[in-house]
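Just below is one structure, and these are the notes that go with it.
The values are calculated or read from the model by the stated rules, or taken from the named source; none is laboratory data. Just so you know, these numbers come straight off a predicted model, no measurement behind them. No Cβ is skipped: glycine too gets one built from the backbone with ideal geometry, and neighbour counts run over all protein chains shown.
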Ligand code: TUI
């Protein structure tokens, strides 16, 4: 049985948490992942607080197991979303795109575990000045808004720099990846892109198919010139953004072009002109399957790799 410190910390069976992806990670997906023994997470993204509350209540109707909410700290609704999380006594809160410092006292008062996502050693260290329970160290292989370092380089450096548990994100989609990040000193992995292709995920079939069809080099980084690079699948929109960047069009114009594009892809299924956020692992995802099957496969392969990877050849 693959159990780590993370299982104890979050009261889950397997050291796997599901990425809190905006629009994609609804109550249905979070409940399925938690019910299967991982930690399901609702992605609050830019959603208003009442929508987040509905998703939380959906999960509670399906499962009694712990689950989390990911709060995107740049959301205009962040204060109200945090209030809902406190009222609903959510067990785990992960945060992205900023510093959750000012919310930590209230979250701790309800016993929530607080786990910020960080892309660098400096930010990981800054988070430890607050009462956070762990950090998710996210490498540049991940989908969506990303930092600079790869998971391979980032995890051991953050593990060495902080004395709280480190969860790895970015580039993990199967048991080999989970075994690899455990070897780097992480206590578990966050998996995003593979769960987009879970049966229980509400993403449009076109979005899932785009990931399933993607090859190794299709998840590219655009909008570097804006200072907020995004990893997404190549399409008509990414070509338009690249052209604008070559022509030195202002970052405001480029950012304006991106507004509403994630919803356009995830909900409307427009994978040509919408933003299809996905990690580099898109190239290794070959089918839609249930969240329980994904977790069972990740766990079985990781156990096998960890048992057999040290069998050295006798010469
Ligand atoms: O948050 C992410 N990735 C995301 S959020 C997102 S939501 C969205 N985006 C565009 C359109 C619609 C919805 C999509 N992808 N990853 C976690 C992450 N956090 N990466 C980097 C950071 C981060 C950055 C700065 C964490 C902390 C931080 O601190 C800054 C400070 O000043 O403390």
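Among 19, 98, 37, which is the only one that is on the phi > 0 side of the Ramachandran plot and in contact (Cβ under 8 Å) with a residue 60 or more places away in the chain? So the residue among 19, 98, 37 that is on the phi > 0 side of the Ramachandran plot and in contact (Cβ under 8 Å) with a residue 60 or more places away in the chain is 37. Residues in the stretch 67-117 that are over 17 Å from the mean Cα position of the chain (by Cα), within 13 Å of the ligand (Cβ to nearest atom), in a loop (DSSP other than H, G, I, E, B) and surrounded by fewer than 19 Cβ atoms within 10 Å (Cβ to Cβ): 76 only. Taking the criterion of being touching a helix residue (DSSP H, G or I) at 6+ places or on another chain (Cβ under 6 Å) and surrounded by fewer than 24 Cβ atoms within 10 Å (Cβ to Cβ), the residues of the stretch 272-285 that qualify are 272, 273, 285. Residue 235 meets each of the listed conditions (1) under 21 Å from the mean Cα position of the chain (by Cα); (2) more than 13 Å from the ligand (Cβ to nearest atom); (3) free of Cβ contacts under 8 Å to residues at least 60 places away in the same chain apart from (1).
Put simply, of 55, 28 the only residue that is in a helix (DSSP H, G or I), farther than 23 Å from residue 166 by Cα, touching a residue at least 24 places away in the same chain (Cβ under 8 Å) and touching a helix residue (DSSP H, G or I) at 6+ places or on another chain (Cβ under 6 Å) is 55. If you go through the stretch 239-269 and keep only what is under 24 Å from residue 201 (Cα atoms) and within 15 Å of the ligand (Cβ to nearest atom), you end up with 258, 259, 260, 261, 262, 263, 264, 265, 266, 267, 268.
Contact annotation: residue pairs with Cβ atoms under 8 Å, 6 or more positions apart or on different chains, pairing a residue in the stretch 115-126 that is closer than 24 Å to residue 39 by Cα with a partner that is more than 7 Å from the ligand (Cβ to nearest atom) and in a helix (DSSP H, G or I), are 116/127; 118/124; 118/127; 118/158; 119/154; 120/154; 124/158; 124/161. Condition first: under 15 Å from the mean Cα position of the chain (by Cα), in a loop (DSSP other than H, G, I, E, B) and closer than 22 Å to residue 227 by Cβ. Can you find one or more residues in the stretch 167-175 that meet it? Yes, the stretch 167-175 contains at least one residue that is under 15 Å from the mean Cα position of the chain (by Cα), in a loop (DSSP other than H, G, I, E, B) and closer than 22 Å to residue 227 by Cβ. Residues considered: 269, 260, 227. Of these, the only one that is modelled with pLDDT under 95 and on the phi > 0 side of the Ramachandran plot is 227.
Applying the criterion of being crowded, with 16+ Cβ neighbours inside 10 Å and without any contact (Cβ under 8 Å) to a residue 40 or more places away in the chain to the residues of the stretch 129-151, the residue that is nearest to the ligand (Cβ to nearest atom) is 147. The single condition among (1) within 12 Å of the ligand (Cβ to nearest atom); (2) under 18 Å from residue 138 (Cβ atoms); (3) in contact with a strand residue (DSSP E or B) (Cβ under 7 Å, 6 or more places away or on another chain) that residue 46 does not satisfy is (2).
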